[in-house]
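Report on the structure given below.
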Amino acid sequence: MTMLGVPLWAVAASAVLYLAAAAAAVEVAWHRGLDALTEAGAHRLDLYAASLRSELGRYELLPAIAARQDSIKTLLAAPPDARRALLPAVDDYLQAVNRDAGSVAVDVIDLNGDVIAASNWNQAVSFVGTNVAYRPYFTDSLSAGNGRFFGIGTNTGEPGLYFASAVRDGQKVLGATAVKIRVDPLESAWRVPNEAAMVVDGNGVVVISTVPAWKFTALAPIAPQKQQQIQASRQYAGRKVDNLGYARLGDWRNGAWFARLPDWSHPGRERRYLVMSRSAPQAGDAIMVALDLSTARRQQQLAFAFVTGVFLIAAFYGLYAVQRRRVIVERLKAQDALQRANDRLEATVQQRTAALQQEIDERVLTEHKLRDSQQQLVHAGKLAVLGQMAAGLTHEINQPLVAIRTLCDNARTFFERGQSAQALANLARVGKLVENMALLTAELKAFARKPEASTVPVSLADALAHARLIYDSRIRDESVQLDIDIAPDTLVAAEPGRLQQVIVNLLGNALDALTGREAPRIRMGAKRSDDAARVTFFIADNGPGIDPHVLAHLFEPFVTTKPRGHGLGLGLAITSRIVEGFGARIAAVNLGGGGAQFTIEFVAANGGSIDSE
Ligand code: ADP
């Protein structure tokens, strides 16, 4: 089973590997993200603690210094009705100090908790006349020398930090001085994205917060008794302290923990944050930061995307490699198949070549055999012609012999009678006849001579005259009309004996065809081609023409229409073979007006070459 050419087990293994790698990467990224957050949170807490400390430090000593002011001591020591006169100086002083320090207000409180002088004595909302006896910073300052307190102003309704210090004359406590400072500059300075910072006081109430909605809410539900205390101190201007909705979930490393808190960017929703805290300069207070986990989550997503990307690249590469390998394997297979086909082809070619060679050898052998048999046929043909000639010769020789015998007998009679002149005349005729016979035998000798292999210029007219001699008596007996139109100087490339044999054959066939025909006639002629390179010889008769069945095989051996004992069917086969030997061509046609015509196209031999013979 495969998927895109990859075995299923490999696909499954890759998937498992990918899931494991993705899970590990996500986990590691989460841890690293949280560690980075924790580190950033710790820095942030250090920074906030330092800024809070420096902010508090700036104002901490302010009430103590004011408490040493003689005019204030005098004012507090004076009976109430004597104070009016002393107030302007104190008010001026308080106003100057407040302006210089940049605090909200500086005031003087008598032992009853009444504010008798304040830097804002002349403002619409003045502290003068308010009673702060219930405020812990006041009671603390009287009992312990100084007090500090986050609270909301009962007059102004503005949150602030209150510092107070006892005013003493020797050991006697006369009253207290107090300074109120704003905390909102800190809040705006601490406000950074993806993070909330807050200061939680000893009651577990958020007193400074970069998220305004969280201010004056409690991290944990406040016990009823404590609620009463808070109400009594009007610390939060009599507000009911609501629950923030904070729930500690689980610890992370380096003192950080997860907590559920309201989502500051989506009011009404809750969210999980990483929370860290540091103790604030004032005992019991704590600075806390809530860190948005989205950066850690983003790192997780990045890690996941990275692993997925790497996996996808690896998968694609793997797939590509598998496909490529498959293509290569296929190609190799195809090459192999091609090679095998080639091998087969080569083997077949070799076999065929061998078979062809064998065939060629056989052909060559056959050709040799054929040539041998042709030679034999030429020879046999000559014998056949000789046979025919023998018949002719018998006639040719018998006739003169009979004549000679008669002439001799008559000559003896003439001698006995003393008629020597007649006897001599008879002897002269005998001599003539013998001469003719000698001529005939000379011709036969020439014919029987072994033909030359090479060609020489031969006179066609001469060759024809020799052949004609052989059939002379027959032509005469059968009253065949011979028309010959051959220029005496017509020379052809041939071998004299063989050329005679050719013409004897053709003439013999023509005579055979004319046997018993009316007005037998044979025409012979020769014509030079226009460029004088060839000589075309023809012999035509007015016989019955060539049998159409024979025509196509005319020049093949043993093709004959003649009765047994009259023809072997070798004549034309030998003739064409001889003609080929001259470099000439033989052809036969039936003439339109009846009769057959044979033509031989010889290579012309010029007159000069015959002279050189
Ligand atoms: P053969 O004369 O022994 O039959 P040839 O090879 O000379 O052998 O001739 C083959 C045949 O061609 C003859 O039997 C004859 O039928 C035919 N042939 C040859 N010459 C002529 C011709 N001039 N007219 C008609 N037929 C001919």
Keeping all protein chains in place, calculate the accessible area per residue for segment 3-69 (probe 1.4 angstrom), answer in Å².
57
For segment 156-249, what mean projected area does the convex hull of the alpha carbons give, in nm²?
8.5
For the chain, what % of the accessible area comes from carbon and sulfur atoms, probe 1.4 Å?
56
Extending each Cα 7 Å along its Cβ direction at Arg99 and Ala487, get the distance between those two points in nm, one decimal.
16.0
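Given a Förster distance of 51 Å, report the FRET efficiency between Phe304 and Ala144 from their Cβ-Cβ distance, rounded to the nearest 0.05.
Values: r = 57 Å, r/R0 = 1.12.
For Phe304 and Ala144, the calculated efficiency is 0.35.
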Can you tell me the 0 to 90 degree angle between the C-alpha axis of helix 460-470 and the longest principal axis of the chain, rounded to 10?
50
Roll a 1.4 Å probe over the protein chains and send me the accessible area per residue for segment 311-375 in Å².
90
Crossing angle, helix 8-67 versus the chain [Cα axis fit, 0-90 degrees, rounded to tens]:
30
Projected label distance in nm at Arg331 and Ala124, using a 7 Å step from Cα toward the beta-carbon:
9.1
Which values, in whole Å and largest first, are the semi-axes of the equivalent ellipsoid of the chain obtained as the square root of 5 times each eigenvalue of the Cα gyration tensor?
168, 23, 18
Over segment 148-290, with neighbouring protein chains present, the accessible area per residue in Å² at probe 1.4 Å is 44
Quick P(r) readout (segment 34-124; Cα-Cα; 5 Å bins; whole %) gives 3, 12, 19, 18, 12, 8, 6, 6, 5, 4, 3, 2, 1, 0
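Place a +1 charge on the Cβ of each Lys and Arg in segment 503-569 and a -1 charge on the Cβ of each Asp and Glu, then give the dipole magnitude about the Cα centre in debye, rounded to the nearest 20. Present the calculation step by step, with values, prior to reporting the outcome.
Values: 8 positive and 7 negative charges, 32 e Å.
Charge dipole of segment 503-569: 160 debye, to the nearest 20.
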Pairs of lysine residues in the chain - Cα separation under 27 Å, sequence separation of 8 or more or cross-chain
15
Please name whichever of Val11, Leu514, Ser454 sits farthest to the positive end of the charge dipole of the chain, dipole taken about the Cα centre and charges placed at Cβ: Lys and Arg +1, Asp and Glu -1.
Val11
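Taking only DSSP H segments of four or more residues, each worth -39500 (n - 2.57), what value at 222 nm results for the chain once the sum is divided by all its residues, to the nearest 500 deg cm²/dmol? Mind showing how you got there, number by number?
Numbers: 14 runs with 325 residues, N = 613.
Mean residue ellipticity, 222 nm, calculated: -18500 deg cm²/dmol.
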Taking the square root of 5λ for each eigenvalue of the C-alpha gyration tensor of segment 467-613, the equivalent ellipsoid has semi-axes, largest first and in whole angstrom, of 26, 17, 15
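About the Cα centre of the chain, how large is the charge dipole given +1 on each Lys and Arg Cβ and -1 on each Asp and Glu Cβ? Please answer in debye to the nearest 20. If you can, show how the numbers build up before the last one.
On the way: 64 positive and 61 negative charges, 381 e Å.
Taking the Cα centre of the chain as origin, the dipole is about 1840 debye.
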Summarise the long-distance tail of P(r) for segment 142-193 by giving the % of C-alpha pairs beyond 18 Å.
46
Acute angle (nearest 10 degrees) that the helix 571-581 long axis makes with the longest principal axis of the chain, alpha-carbon atoms
60
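The values are calculated or read from the model by the stated rules, or taken from the named source; none is laboratory data. Only a predicted model underlies this, so the values are computations on that prediction, with no experimental measurement involved. All Cβ positions, even for glycine, are placed from backbone atoms using ideal geometry, and neighbour counts span all protein chains on display. Ligands, DNA and RNA are excluded from the accessible area calculation, which covers all protein heavy atoms including side chains. Shrake-Rupley method; radii C 1.70, N 1.55, O 1.52, S 1.80 Å.
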